[in-house]
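The values are calculated or read from the model by the stated rules, or taken from the named source; none is laboratory data. Model, not experiment: these values are computed from the prediction. Counting neighbours? That spans all protein chains shown, and the Cβs are built from the backbone with ideal geometry, glycine included. Surface areas here come from the heavy atoms of the whole protein model, side chains and all, with no ligands, DNA or RNA. Shrake-Rupley method; radii C 1.70, N 1.55, O 1.52, S 1.80 Å.
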Amino acid sequence: MKNKTALIILERPWGNGTSHNNRASVLPFFQGLQQLNGDFDLFHSQFYEKKSFEMALDEMIELDYEQFYIYIACHGKGRRLDGLNLTTAMRIIHKRAQSNNIVGVLIGACDIGKNPHTLQAYSEASSIVWQFAYKCFVNWLDGTLLDVKIFDTLLRLKPKSFNDSKNIVQAFTQALADFRADASIGIDEDEQPMLLKDSLTLVVQAKGQGKQAKDFSDELFATED
């Protein structure tokens, strides 16, 4: 019996600055998660600019699944993903999310989380329930491991959980519970250590008529001292 959920990874090659011979990839980490979890099907494609990003997404979003999750893995800075603008990427995803059930979008790219209003704008009038991103220049391995943990938790949610933003935020706090809020996960623009609790952006729009997208970033570690 085929799984009901598909996780689509859109990854741009990271370059020699990230790994020797440009061989770094998030794919093996998520293949391990799939083997451990088994409740979702995994699809991976590389992109280089807008056209290849759009083509890769279009090919995979046409697959017959009840719900999709999208993971963008690439370099980032400001409003720029490596190869295309953040607004362009979100516009492409938003358009597909009006006719396909795209539940969550995780942007594994540095600095993009500083744009919560853009993420909010591209949740409206779509199926997107949550979007997650980083506000700092995140360490590659640390960010990848955190992304795996988030998907491991969020992929387990049942559709009825999407009707209340509290359920989504609680799932994220559960995923983050094993990580120290005061640990550094990267650096800011001044190359100073950035604490995990200050580095994450979560935008949630629960399903249901009249629901609006809101920034819940401050609630991710609300129980921490």
Q. P(r) tail for segment 166-211, what percent of Cα pairs lie past 13 Å?
A. 65
Q) Relative to the Cα centre, what is the charge dipole magnitude of segment 96-225, using +1 at the beta carbon of each Lys and Arg, -1 at the beta carbon of each Asp and Glu, and rounding to the nearest 20 debye? A) 960
**Q.** Relative contact order of the chain, pairs being alpha-carbon contacts under 8 Å that are 6 or more residues apart, as %
**A.** 17
Q) If you take the square roots of the eigenvalues of the alpha-carbon gyration tensor of segment 8-132 and sort them as a ≥ b ≥ c, do you get rounded (a/c under 1.5), prolate (a/b over b/c) or oblate? A) oblate
Q. Taking +1 at the Cβ of each Lys and Arg and -1 at the Cβ of each Asp and Glu, which of Asn167, Leu141, Ile187 sits farthest along the dipole of segment 134-225 towards its positive end, judged by Cα position relative to the Cα centre?
A. Asn167
Q: Could you pull out every one of the lysines with an alpha carbon less than 26 Å from that of Lys158, ignoring same-chain neighbours closer than 8 positions?
A: Lys2, Lys4, Lys95, Lys149, Lys166, Lys207, Lys211, Lys214
Q) For segment 90-225, which whole-number percentage of the solvent-accessible area (1.4 Å probe, protein heavy atoms only) is attributable to carbon and sulfur atoms? A) 46
Q: Would you mind getting me the FRET efficiency between Ile187 and Leu27? Use the beta-carbon distance for r and R0 = 25 Å, nearest 0.05.
A: 0.45
Q) Got a sec? Charge dipole of the chain, +1 on Cβ for Lys and Arg, -1 for Asp and Glu; which of Ile112, Ala24, Thr88 is way out at the positive end? A) Thr88
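Over segment 116-206, what is the mean sequence separation of C-alpha contacts under 8 Å (at least six apart), divided by residue count, expressed as relative contact order in percent?
On the way: 104 pairs, mean separation 41.9, N = 91.
Worked out over segment 116-206, it gives 46 percent.
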**Q.** Added length on full extension, which subtracts the Cα-Cα distance from 0.36 nm per residue, Asp58 to Lys160
**A.** 34.0 nm
Q: On a C-alpha basis, how far is the centre of segment 109-175 from the centre of segment 37-67 in Å? Whole number, if you could?
A: 18
Q: Return one whole number: the accessible area per residue of the chain in Å², for a 1.4 Å probe.
A: 49
Q. What nm value, rounded to one decimal, do you get for the distance between Gln212 and Leu145 when each label is placed 7 Å out toward the C-beta?
A. 3.9
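What's the magnitude of the charge dipole for the chain around its Cα centre, counting Lys and Arg as +1 and Asp and Glu as -1 at the beta-carbon? Answer in Debye, nearest 20. Don't skip to the answer; put the middle values down first.
Details: 24 positive and 29 negative charges, 134 e Å.
Using only the charged Cβ atoms, the result is roughly 640 debye.
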**Q.** segment 13-52: chymotrypsin sites (Phe, Trp or Tyr not before Pro) in DSSP coil with no more than 14 other Cβ atoms inside 10 Å
**A.** Tyr48
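If I take every Cα pair under 8 Å that is 6 or more residues apart in segment 72-172, average their sequence separation and divide by the length, what percent do I get for the relative contact order? Don't skip to the answer; put the middle values down first.
Values: 125 pairs, mean separation 25.7, N = 101.
With pairs under 8 Å counted, the relative contact order is 25 percent.
Let me spell out the model: positive unit charges on the Cβ of Lys and Arg, negative unit charges on the Cβ of Asp and Glu, origin at the Cα centre of segment 59-114. What dipole size does that give, in debye rounded to 20?
Working: 7 positive and 6 negative charges, 95 e Å.
Here the size comes out at about 460 debye.
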